[in-house]
1. Which whole-Hz ³J(HN,Hα) couplings does segment 18-28 yield from phi under the Karplus relation 6.51 cos²θ - 1.76 cosθ + 1.60, θ = phi - 60°, glycine and proline marked x?
2. Under a plain spin-label model, where a point goes 7 Å from the Cα along Cα-to-Cβ, how far apart in nm are Leu49 and Phe83?
3. What is the order of Leu20, Leu58, Leu63, Leu87, fewest Cβ neighbours within 10 Å to most?
4. Could you check which residue among Gly126, Gly73, Gly41 shows the biggest mean-square fluctuation in a GNM of the chain with a 10 Å Cα cutoff?
5. Under 17 Å from the 7 Å Cα→Cβ point of Ala133, by amide nitrogen: which residues of segment 78-93?
6. Choose one answer from Ala81, Ala52, Ala22: the residue with the largest mean-square fluctuation in a GNM of the chain with alpha-carbon springs under 10 Å.
7. Just to check I understand the Karplus step: with θ = phi - 60° and J = 6.51 cos²θ - 1.76 cosθ + 1.60, what whole-Hz values come out for segment 79-89, glycine and proline as x?
8. Only counting other Cβ atoms within 10 Å, I'd like Thr21, Thr82 sorted with the fewest neighbours first.
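What follows is calculated from the coordinates using simple rules that are stated; it is not laboratory data. These numbers come from a predicted model, not from an experiment. When we count neighbours, we look across all protein chains shown, and the Cβ atoms used for this are built from the backbone with ideal geometry, even at glycine.
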Amino acid sequence: MGKHNPTTIALVDDDYIFQLTASRMLKSADDSAHVLQFSNGEEALRYLLEHAAEQDKLPDILLLDINMPNVDGWMFLNDYATFKSSLKKNIQIYMVSSSNDPSDINRAKSNQSVKDYIIKPISREGFQQIMNASLN
């Protein structure tokens, strides 16, 4: 197998404990993984806009929580849709939530920017599957 560039994952979640455990599990799934952490959608949008032309700074995968202060996951997706074509990388967005409400799941899956909907908590195997899917 050829050497791959390190995978960059952005965690967009206001839950510090989730960020900590997700970051650890992602690193254990791929020790070369680079993890960016944002506590709300506004911070993540600002980062993406600032680095839109810098492919190596953009995440390969973005794990997006639904319920956050200021800019929640849905607002993030609305704003993201307005500039995603200007990004130098196609980012795989996974909606991550503790909600198993069918309306949330259907809303996420009907958004063309969202690759999948994942219900928290996420197992080590779940993180491994996300990482593997991004490499293919």
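1. These are the phi-based 3J(HN,Hα) values: 4, 4, 5, 5, 4, 4, 5, 5, 5, 5, 6 Hz.
2. 0.4
3. Numbers: Leu20 12, Leu58 20, Leu63 25, Leu87 17.
Listing Leu20, Leu58, Leu63, Leu87 from fewest to most nearby Cβ atoms yields Leu20, Leu87, Leu58, Leu63.
4. Evaluated over the chain, the most mobile residue of the options is Gly126.
5. 90-93, by backbone N distance to the label point.
6. Ala81
7. The phi angles translate into 5, 4, 4, 6, 10, 4, 5, 8, 6, 7, 8 Hz.
8. With the sparsest Cβ surroundings first, the list reads Thr82, Thr21.
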